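The values are calculated or read from the model by the stated rules, or taken from the named source; none is laboratory data. Source: prediction; values computed, not measured. Cβ: placed from backbone, ideal geometry, glycine included. Neighbour counts: every protein chain shown.
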Amino acid sequence: MPWGLIALALGGFGIGLTEFGIVGLLPEIATEFGVSEGTAGILVSGYALSVAVGALALTVTVSRFDRKKVLLWLMVLFIIGNLVSAVAPTYSLMLTGRIIAALCHGAFFSVGAVVAADLVEEKKKAGAIALMFAGLTVANVLGVPAGTFLGQAAGWRSTFWAITAIGIIAMIGIAILVRPAHTNEASGVPSLRRELGIFRRPQALASALVSVLTFGGLVGAFTYIAFTLTNVTGFTEAAVPWLLLVFGAGSFIGNILGGKAADRSLNGSLLAILAALAVVLVAFGLMAAVPVAVVVLMLLLGTVGFAAAPGLQLRIMNVAGDAPTLASGMNIAALNIGNALGAWLGGIAITTTLGFTAPLWVGAVLAVAALLVLLGAVAAQKRAKPSDSEPQQSGVMAA
């Protein structure tokens, strides 16, 4: 395994901590800056929206440059953003720091996924992407408790100083361990024009839609899962963090297994995973009042949901032809749009007569929709002439 993948995963871990580590510290931050809980929450929602913007806008901007140098400059941006947050004397400056750090989030994973795939042979590409994203899933598991513990023990600013230090270590690791990446210059065609051509490719757009629906279904259910666990299953509030840890463990396992499955059969594994996600969400909706079943389903939901991530990333890069960088950014943006869509629809649904299980059913519907879109895309791919599909399959290899 190339050591460069470890450096990329560490960068992903730091970025994941930036996104999730603040959640448990919002009360302290709100008190210090004298803002309401809702205003403090913008530090989270504003970050997510900035991720989606950066995933496309910043990726387009840097698509013509050497990818290793891009990753290093993105880590510089990440470090600056967290430094600003750590020393911010006002809420506005704190939000500015969050936005700066968030802009590099999407672009880092967009470019990093292409670099990770380029570090290994063809049959191991999805696994390499999964390893890089493992940093994000570990942060998902540990980010909130670790960031909260440190912030409560030494002040909330200490969490951002720690994240800044992780960013510096990751940047040094990338500089030393990641081999120089290829630029996007080829065949005398401006790379930016070639990258933007992805928006004219139906398969790339279909893959992005599958990502929106898949993570819309997962996040739509997960956002309100604490309400389900306490009001339907009957768990105490003290048990919720442990159940979330079960979900987080499943997400880590699923990310690794999903990468291995995608390397064996990309479309086949994604179809199976999306079908399994729909089944798990339906089962959760039906058995939400059964504590033992819910514990198992929390593990399965994390495993199946995140098993789709590496395959979704690799598929859009494959069908993008010679525009893998922007394709990767498109997928990161799609995942974050799905997060917002799922949370919004789940919030509407929870007020219906279905109550606290409604987000699970919304998630199941979105998962089925993702499966149907992917089935249609795969069928269209099979109908395409070999000469049309051949360049698409070599896209990641040329990255």
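Here are the numbers:
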read-out	value
Residue in segment 251-261 that is among the β-branched types (Val, Ile, Thr), modelled with pLDDT of 95 or more and closer than 26 Å to residue 378 by Cα present	no
Pairs, first under 15 Å from residue 12 (Cα atoms) in segment 115-127, second of a type in the set (Gly, Ala, Ser) and surrounded by fewer than 24 Cβ atoms within 10 Å (Cβ to Cβ), C-beta under 7 Å, six or more apart	115/181
Only one of 175, 116 that is modelled with pLDDT of 80 or more and either surrounded by fewer than 24 Cβ atoms within 10 Å (Cβ to Cβ) or at positive phi (or both)	175
Residue 107 vs. criteria in contact with a Phe, Trp or Tyr (Cβ under 6 Å, 6 or more places away or on another chain), assigned by TED's automatic domain parsing to the domain that holds residue 179 and either surrounded by 18 or more Cβ atoms within 10 Å (Cβ to Cβ) or not aromatic (Phe, Trp, Tyr) (or both)	no
Members of segment 8-42 that are part of a helix (DSSP H, G or I), farther than 15 Å from residue 139 by Cβ and either within 18 Å of the chain's Cα centre (by Cα) or of a type in the set (Ser, Thr, Tyr) (or both)	31, 39
Check on residue 94, under 22 Å from residue 332 (Cβ atoms), crowded, with 20+ Cβ neighbours inside 10 Å and at pLDDT 90 or above	no
Test: residue 354 is aliphatic (A, V, I, L, M) and free of Cβ contacts under 8 Å to residues at least 12 places away in the same chain	yes
Any chance residue 110 is polar (S, T, N, Q) and closer than 26 Å to residue 40 by Cα	no
Among (1) part of a helix (DSSP H, G or I); (2) surrounded by fewer than 23 Cβ atoms within 10 Å (Cβ to Cβ), the one test that residue 64 misses	(1)
Complete set of residues in segment 12-44 that are farther than 30 Å from residue 110 by Cα and modelled with pLDDT of 75 or more	27, 28, 29, 30, 31, 32, 33, 34, 35, 36
Test result for residue 59, surrounded by fewer than 22 Cβ atoms within 10 Å (Cβ to Cβ) and assigned by TED's automatic domain parsing to the domain that holds residue 148	no
Enumeration of residues in segment 224-252 that are surrounded by 19 or more Cβ atoms within 10 Å (Cβ to Cβ) and not in a helix (DSSP H, G or I)	224
Within segment 68-85, tally of residues that are closer than 18 Å to residue 13 by Cα and touching a Ser or Thr at 6+ places or on another chain (Cβ under 7 Å)	3
Count of segment 253-276 residues which are surrounded by fewer than 19 Cβ atoms within 10 Å (Cβ to Cβ) and charged (D, E, K, R)	2
Selection from segment 124-145 of residues that are farther than 19 Å from residue 335 by Cα and at pLDDT below 75	142, 143, 144, 145
